[in-house]
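Shown next, in structure tokens, is the structure this report addresses.
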Amino acid sequence: MHGHPIVGAIVNLNHPDHYIHWGFILISVANFTVIIVLIVLFVLVISVPFLKGKPIKRKSYQSAPMDGAEEAPEGWTGRGRRLGLKYLPPDKLLPDGQPSYVSSWVYVFGVLTIGALIVAILSGMVLALEGPTWWHLSSIGLFVNSLHLWSVELFMGFMTVHLWAKFWMAAWRGKRWLTWMTGVLAFLVSIVEAFTGYLSQTNFDSQWIAFESKDAFNSGGIGAFFNAMNFGQALMLHIVLVPIVLVLIVGIHVLMVRIRGVVPPIGAEPAHLGDDRSSSTAAVTLEQGDVGKGNAMEVGQ
Amino acid sequence: MSRWRESERSYSNPWRGPLRHYDILKEATIGFVIVLVLVFILAITFSSPDVPPITVQAWATAQPAGFVDIALTELNGTSTTATYGPPYNTGTGSLQSIGPVSLQKFFGVKYPIDTAKDFVLNPLSTLPGFPALTAAIATYKHASKATEARWVSNYQARMNRLSLGSSAVIAQMASAGPVPELMTHLLAMAQSGALDAQLLTQSSFYTTNYTNPVMFIGDSVVAQPKSYWNKIVTADHLEGNQWGVMNETGSWPGQPWMWLYTMWYQVPPMSNSDNVDVEVLAIMTVLSLALLFVPVIPGLRRIPEKIPLYRLIWRRYYRDPEFTNVDTPAQRP
């Protein structure tokens, strides 16, 4: 059965796994290890002290106001640009500062997730160049497939830690519901993307998964539109349609993070939240005229 | 203004607390490089699984009698595929519903499969140079349904005495009409690999649709607990009752993110239900929607405030004076 030579493997996993059986729970050691690593990682990233940062003193992160005499740009393009600059000025899109509470390793996992997605896309592109069965016949192909597999495992792992963290931070607060929902959508679409990838392996695993999963799809009527045993359909979904949707959702998610900013801590100081009614400090800002907008900042990650 | 709306307004205000330097492009670049290095290390260290798929040829060679047993059920329309229901046919064997609602039935037959024709008679009719086989196919096709059923039943009664791995397939049996001739040739065709090709290419030279061979072999998984395919997947812990959805061949991690989905299959009453697939699908749909709409579901959206893990994440803000005393808006120049 396990006849294919393993190329480039230092640790040989090509043997039957050990399984943990506890009550009705049955899980392979490999899968259990992944879950434990994720939990340990999650505990570490929320408990290990973050690097010290330098405080920043600056008047404004807003773009310079337009000269009153200057004519506003016209037409769809002009209005579009004005809208873009209003909600996403360059200093919000590419910030060089952030609220100081952004000081935990959990904030790194959004970037790591996107990094893993990029590696998955790049390695997938190499596989696409040579065709879906190349990696069975070539040692280089097998290595590229390994890059693809592990980038996906990291992508899903990093995204899971990111999702856990954002849940416990209640990251949807402050009209950030669209940020949260695009994040959850990205997670769900990623599961579809990974699943169609497993179906596209053209090996024993994909053959069995196609057979087993058909009942789930058929039972809900999905089978009338998606046939898991149609390799061509699964492959096209995996390399064209679903990645486009996924990248689009991730793109909207990142833009929403930039537009809305990182959610402040639960119970943050009223003055920090610009709650002028409960803070004399903020009241002073109000009296200065510009409602403190010039001093305010919304950045995120 | 309600408490929730007021806190929404506060948390959506631009941040006016202490700030720190941050370089988004630098962080993105470092993050990407770290991931790239990690992926290379993992790929070099662990490689990736690649077990070749099984074939009808391998199955028919390993378990000739087992193969013929299943082929007989395809011929008389009693196999799992033949009685499955939508999207393959109008059967009810695998038709699932929640109460009176069955989306499976609603969307109807999309990929019609006639197992007698598609799995047995049509592939056999492509074999050239066997006049006796051609006559046997014609005899079978022109017989009444009752006669066909009697022939197959008589043949099955004799075949059932054989073990799955037996190669002593019965070539002559008067009470089975043309069935021995059909089965002898079908087995030979399967063992030569020709049936794999025929099951794939009946409609076109080019194909990417493996439904027919997968369903044919899959019928043995359901009907024969010790079938060729069953023995392999059981050894690799890939069966549904082994949480197989999240497993991978060998010792590689599979899709651990499917743990919740596959867990429901192990839990009563779903684990004992004839509608287990659609019930688990419904549960996961509801849970996914709940996760998606957490921000607008009262109660759910406040769970993080009740279990203060957030205090650990933002502990520097809550405890370190730097985060409360430095660079507040009023102190800025």
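The values are calculated or read from the model by the stated rules, or taken from the named source; none is laboratory data. Just so it is clear, the model here is predicted, and its values are computed rather than measured. Note that we place each Cβ from the backbone using ideal geometry, even for glycine, and neighbour counts take in every protein chain shown.
Of note:
- A:Asp91 meets each of the listed conditions (1) assigned to a loop (DSSP other than H, G, I, E, B); (2) modelled with pLDDT under 85 apart from (1).
- Of the listed requirements (1) within 20 Å of B:Thr208 (Cβ to Cβ); (2) not in a loop (DSSP other than H, G, I, E, B), A:Phe158 misses just one: (1).
- Looking only at residues in segment B:56-113 that are polar (S, T, N, Q) and within 17 Å of B:Val169 (Cα to Cα), the one that is surrounded by the most Cβ atoms within 10 Å (Cβ to Cβ) is B:Gln63.
- Out of A:Glu193, A:Glu212, A:Glu269, one residue alone is touching a residue at least 24 places away in the same chain (Cβ under 8 Å) and of a type in the set (Asp, Glu). It is A:Glu193.
- Hits in segment B:95-129 - residues which are part of a helix (DSSP H, G or I) and either small (Gly, Ala, Ser) or farther than 18 Å from B:Val179 by Cα (or both): B:Leu103, B:Gln104, B:Lys105, B:Phe106, B:Phe107, B:Ala116, B:Ser125
- Qualifying residue in segment B:23-43 (condition: β-branched (Val, Ile, Thr), facing chain A (nearest Cβ under 9 Å) and crowded, with 20+ Cβ neighbours inside 10 Å): yes
- With respect to being touching a residue at least 24 places away in the same chain (Cβ under 8 Å) and either aromatic (Phe, Trp, Tyr) or over 14 Å from B:Ala71 (Cβ atoms) (or both), B:Ser125 falls outside the description.
- Residue that is farthest from the other protein chains (Cβ to nearest Cβ) [pool: residues in segment B:77-120 that are touching a Pro at 6+ places or on another chain (Cβ under 7 Å) and in contact (Cβ under 8 Å) with a residue 40 or more places away in the chain]: B:Tyr88
- Yes/no for B:Trp15 being more than 8 Å from every other protein chain (Cβ to nearest Cβ) and modelled with pLDDT under 95: no
- Segment A:212-231: number of residues that are within 7 Å of chain B (Cβ to nearest Cβ) and either over 22 Å from B:Glu279 (Cα atoms) or aliphatic (A, V, I, L, M) (or both): 5
- For segment B:192-201, the criterion of being surrounded by fewer than 16 Cβ atoms within 10 Å (Cβ to Cβ) and either of a type in the set (D, E, K, R) or within 11 Å of chain A (Cβ to nearest Cβ) (or both) is met by no residue.
- Segment B:1-30, residues that are closer than 30 Å to A:Ala120 by Cβ and touching a residue at least 24 places away in the same chain (Cβ under 8 Å): none
- Close pairs (6 angstrom Cβ cut-off, 6 or more residues apart or separate chains): in a helix (DSSP H, G or I) in segment B:31-51, surrounded by fewer than 16 Cβ atoms within 10 Å (Cβ to Cβ) anywhere: B:Ile44/A:Gly8; B:Thr45/A:Ile10; B:Thr45/A:Val11; B:Phe46/A:Val11
- Of the residues B:Val286, B:Val245, the single one that is in a helix (DSSP H, G or I), under 17 Å from the mean Cα position of the chain (by Cα) and hydrophobic (A, V, I, L, M, F, W, C) is B:Val245.
- Cβ-Cβ under 6 Å pairs, at least 6 apart or on other chains, segment A:139-151 side small (Gly, Ala, Ser), far side at pLDDT below 95 and not in a helix (DSSP H, G or I): A:Ser139/A:Val7
- Set B:Trp259, B:Trp264, B:Trp229: member being without any contact (Cβ under 8 Å) to a residue 60 or more places away in the chain, among the aromatic types (Phe, Trp, Tyr) and facing chain A (nearest Cβ under 10 Å): B:Trp259
- Checking each residue in segment A:164-179 for being closer than 23 Å to A:Ile35 by Cα and assigned to a helix (DSSP H, G or I) picks out A:Trp164, A:Ala165, A:Lys166, A:Phe167, A:Trp168.
- In segment A:196-211, residue surrounded by the most Cβ atoms within 10 Å (Cβ to Cβ) [restricted to those that are within 7 Å of chain B (Cβ to nearest Cβ) and among the hydrophobic types (A, V, I, L, M, F, W, C)]: A:Trp208
- Residue in segment A:123-134 that is in contact (Cβ under 8 Å) with a residue 24 or more places away in the chain, at the interface with chain B (Cβ under 10 Å from one of its Cβ atoms) and under 19 Å from the mean Cα position of the chain (by Cα) present: yes
- Subset of segment A:49-76 (residues that are at pLDDT 85 or above and either buried (at least 18 other Cβ atoms within 10 Å of the Cβ) or over 21 Å from B:Leu19 (Cβ atoms) (or both)): A:Trp76
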